[in-house]
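Some notes on the structure that comes next.
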Amino acid sequence: MRDVPVFTSRHVELAVPPAEAVEAVRDAFAAYARGDWKMPPKTYVTNYPAGDFRAMPALGGGLALLKWVTSFPANPARGLPTVTGVVLVSDAETGQLRAVLDAAAVTALRTGAAAVLAAETLGRSDADSAAVVGAGVNGRAVLRTFLARGREAAIWDVDGERARTAVEKLGGRVAPTLDEALSADLLVTVTPGHEVLVGEGTLRAGQHVSLMGADGPGKSEIAVAELARARVFCDDWEQSIHGGELAHAVEAGLLGPDDVTHLGAVLAGTAVGRRDPSEVTVFDSTGLAIQDLAIAVAALEHEPELELPRLRLESSG
């Protein structure tokens, strides 16, 4: 018999504070850019229009990971979460299952970390204001991460009550209008991605936006023409051109691989980030398994400090 630790949503949050998650995700991006960590392509199992299932593998830090996670946008109307699933972590040398983690909690934590990391890396050094559009689970995670990094931030949502509840629980302030939120020096959009939020001409000189909502085929939060006029960064080129904002710009012939810089390359020191204060920078995030692995590695480091439930496995052979 073997007991495998299970990190519930609460245990993931206890194990990895948001500020620590940013640093863990930073290291993961750089390790992936250097080739130290590996990430085979994400696989989608679709059941549209209901939703989709995603299988996301990664290898690094002596561990192998598989994330089996869902995205069913209509679930909140049913009283169910949009994102559910599990993260399975195994020892890379023996293949033995090392831990099971709640996928929704890991996803929210690394989404907040990646959004804020990109904003810190690519935004102006004198950026004053920050805002989040979308007060769902992942939007709240972004707000929480901004605040944990010592930056005041506003949040806006089409459902004003949801934005107010987020602020009451986490801090920050409610942006009175969508236009005010969209004008922030550091902007993060975390919407379902079913309609364009950042229209042509929206972004002003020196602004940065982390686009976190378009994580699947057909989704977009920014107009193609607006994306094409900015300095564009992504988490992973291949993944972005199949399920991110870049897919639309590439299809229109407005952007190619030479026009887009990997965030990991900037963090690894092999590419240049923001070049001047007036540049408009955009980060297209599709969500990477290496980010999930970063959170899992950090969580396992804190395993001895937590009283975790256990999954009992019977060994054979």
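A short reminder: the numbers here are calculations on the coordinates, not readings from a lab. None of these values were measured; they are calculated from a predicted model. Every residue, glycine among them, receives a Cβ derived from its backbone with ideal geometry; neighbour counts consider all protein chains shown.
For semi-axes √(5λ) of the Cα gyration tensor in Å, the value computed from the atomic coordinates appears in the list (i) 59, 31, 19; (ii) 31, 22, 19; (iii) 35, 27, 13 under label (ii). Other residues lying with their Cβ under 10 Å from the Cβ of G201 contribute a combined charge of 0, Lys and Arg counting +1, Asp and Glu -1.
Among complete DSSP H helices in the chain, those whose alpha-carbon atoms stretch at least 27 Å along the helix's long axis and whose mean Kyte-Doolittle hydropathy reaches 1.0 are 103-122. Any idea which of L97, G171, V266 is furthest toward the positive side of the dipole for the chain, if Lys and Arg beta-carbons carry +1 and Asp and Glu beta-carbons -1? It is L97.
By the Stokes-Einstein formula, at 0.890 mPa s and 25 °C, region 113-287 with its Kirkwood radius over alpha-carbon pairs has D equal to 156 µm²/s. The Rg/Rh ratio for region 34-132, using Cα coordinates for both the radius of gyration and the Kirkwood hydrodynamic radius, is 1.05. Centre-to-centre separation between the Cα atoms of region 103-118 and those of region 166-187: 18 Å.
When each of the peptides 257-267, 76-86 is scored by how many other beta carbons lie within 10 Å of its residues on average, the order from highest to lowest is 257-267, 76-86.
Given R0 = 22 Å, the distance between the Cβ atoms of D36 and D258 translates into a calculated FRET efficiency of 0.35. In straight-distance terms, cross-link reach from K67 covers every one of the lysines whose alpha-carbon lies under 24 Å from its own, apart from those fewer than eight places away in the same chain; here that gives K38, K42, K219.
Dipole magnitude for the chain: about 440 debye, using +1 per Lys or Arg Cβ and -1 per Asp or Glu Cβ, origin at the Cα centre.
Structural size metrics of region 84-125, computed from C-alpha coordinates, are Rg and Dmax of 14.9, 45 Å. Of the peptides 224-232, 173-181, the ranking by mean beta-carbon count within 10 Å, highest at the top, reads 224-232, 173-181. Summarising the strand pairing of the chain, around 55 percent of its internal DSSP beta bridges are antiparallel. Using DSSP, restrict attention to beta bridges with both residues in region 113-287 and report what percent are antiparallel, rounded to the nearest 5. Counting DSSP beta bridges with both partners in region 113-287, the antiparallel share is about 0 percent. Applying 0.36 nm per residue to the separation of L306 and H194 and subtracting their alpha-carbon distance, the gain on full extension is 36.4 nm.
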